[in-house]
Amino acid sequence: MRIGLISDTHGLIREEALALLWGCEHIIHAGDVGGSEVLAALENIAPVTAIRGNNDKGVWANVLPEVLQLRLASTSIYVVHDMAQLDVEPLPAVVNVVICGHSHRAVVQRRDGVLYVNPGSAGPRRFNLPISVAELIITKHKVTPRILSVEVGVAAPHKPRQATTQHSFI
């Protein structure tokens, strides 16, 4: 199963980001969505699970949870916008992957048996940080996260691009 990860769009949905997410079976938005039109664009690709970030305000955002836990392809995923708001210590027996956003920095790391992924920001550029999304490839025996660099001005509709980094964890 291929799961797309996106965060911190702040109302900007880039065609290049959509192209990278094309072909995903599910998409997780880790907050600071910026508007329902972003979710609608993502839903044209795959079912979307989204949480509310600290900048998501208004009626459209009130229906989004602040955190959530879901299971996709036998993998337990916990989603929180800001890691500082993580109010539990994920145990590998209960949570396999924690997805977050907020910092606009793409990160993949493993701590105490749990995989942590921040897809970075796909919205307006902040400082000199790269624009990125991520994906999780879930197979029977492993979860492989990849950070995908969004090259502004290089959209390839309906054809996912290759990852810039790859990390495999069992």
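Values in this text are rule-based calculations from the coordinates and carry no lab data. The structure displayed is predicted, hence computed values, not measured ones. So basically every Cβ, Gly included, is an ideal-geometry build from the backbone, and we count neighbours across all protein chains shown.
Could you tell me whether the stretch 76-145 comes out rounded, prolate or oblate from its Cα gyration tensor? Rule is a ≥ b ≥ c as square roots of the eigenvalues, rounded for a/c under 1.5, then prolate if a/b exceeds b/c, otherwise oblate.
Verdict is oblate for the stretch 76-145.
Determine the percent antiparallel among the DSSP beta bridges restricted to the stretch 1-119, to the nearest 5.
Antiparallel: roughly 50 percent of the beta bridges in the stretch 1-119.
When the chain is treated as a GNM, springs tying every alpha-carbon pair under 10 Å, which of V94, V107, V143 comes out with the largest mean-square fluctuation? Evaluated over the chain, the most mobile residue of the options is V94. Here the simple spin-label model places points 7 Å from the Cα toward Cβ, and for S36 and R71 these points are separated by 3.2 nm.
Would you work out if the stretch 41-98 is rounded, prolate or oblate? Take a ≥ b ≥ c from the square roots of the eigenvalues of the alpha-carbon gyration tensor; rounded if a/c is under 1.5, else prolate when a/b is larger than b/c, oblate otherwise.
It comes out oblate by the Cα gyration axes.
Packing around the peptides 28-38, 2-12, taken as the average count of other Cβ atoms within 10 Å per residue, puts them in this order, highest first: 2-12, 28-38. Each stretch of four or more DSSP H residues adds -39500 (n - 2.57); spread over every residue of the chain, this sum gives -2500 deg cm²/dmol at 222 nm.
Relative contact order of the chain: 26 percent, from C-alpha pairs under 8 Å at least 6 residues apart in sequence.
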